[in-house]
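Below you'll find the structure, written out as structure tokens, and then a few comments.
The values are calculated or read from the model by the stated rules, or taken from the named source; none is laboratory data. On a predicted model such as this, the values are computed, not experimentally measured, just so you know. So basically every Cβ, Gly included, is an ideal-geometry build from the backbone, and we count neighbours across all protein chains shown. Surface accessibility is based on the protein's heavy atoms, side chains included, excluding ligands, DNA and RNA. Shrake-Rupley method; radii C 1.70, N 1.55, O 1.52, S 1.80 Å.
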Amino acid sequence: MDHASHLVGTALAGEAALAVALGLARLLLFDRGPTSVVRGKNVQIGKNVVIQTNSLFMSAGGITIEDDVLVAANCQLISNNHAPEEHQILTCKPVVLKRNCWIGAGATILPGVTVGENAIVGAGSVVTKDVEPNTVVGGIPAKLIKRL
């Protein structure tokens, strides 16, 4: 096997290994780059989901991604944090991405946030509160930009 074929095979094997680790029995598309998942058994992913390069899932509190969701490159889905009064204590709240939402490149979704159906989170946003369905949010912290 030549070097290029080996690299392609390794990338595909890594993608398959991640899908198996997450317990996926459905189509899951990863853009051929690194994606880090901590506590993958706490992640549920629907059908026709795209997760692009260099995403990070911190999933101690649980992460649910429903059908037809796009998570662009360099996104972070964070479902756990540390207690301010006792840094060794891990606090956990689920992150939920509802059907057909789009998380823009470099966005961060913090613990306890639900992104509503058909919602769009702008690139680079930090989402600290729930996002209503059929809306566009953006900024730090993310604020309503418009209703769809």
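Here are the numbers for the structure shown:
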| read-out | value |
| --- | --- |
| Top-ranked residue of the stretch 108-148 - restricted to ones that are over 14 Å from Ile78 (Cα atoms) and basic (Lys, Arg), ranked as most open to solvent (accessible area, probe 1.4 Å) | Arg147 |
| Scan of the stretch 107-122 for residues that are within 17 Å of Phe57 (Cα to Cα) and not in a strand (DSSP E or B), ordered by number | Ala107, Leu110, Pro111, Gly112, Val113 |
| Subset tally (residues that are open to solvent by less than 10 Å² (accessible area, probe 1.4 Å) and more than 19 Å from Val38 (Cβ to Cβ)) for the stretch 57-71 | 1 |
| Search result, residues across the stretch 73-87 that are surrounded by fewer than 20 Cβ atoms within 10 Å (Cβ to Cβ), closer than 15 Å to Val121 by Cβ and not polar (S, T, N, Q) | Ala73 |
| Val137 vs. criteria over 22 Å from Ile45 (Cα atoms) and either part of a loop (DSSP other than H, G, I, E, B) or β-branched (Val, Ile, Thr) (or both) | yes |
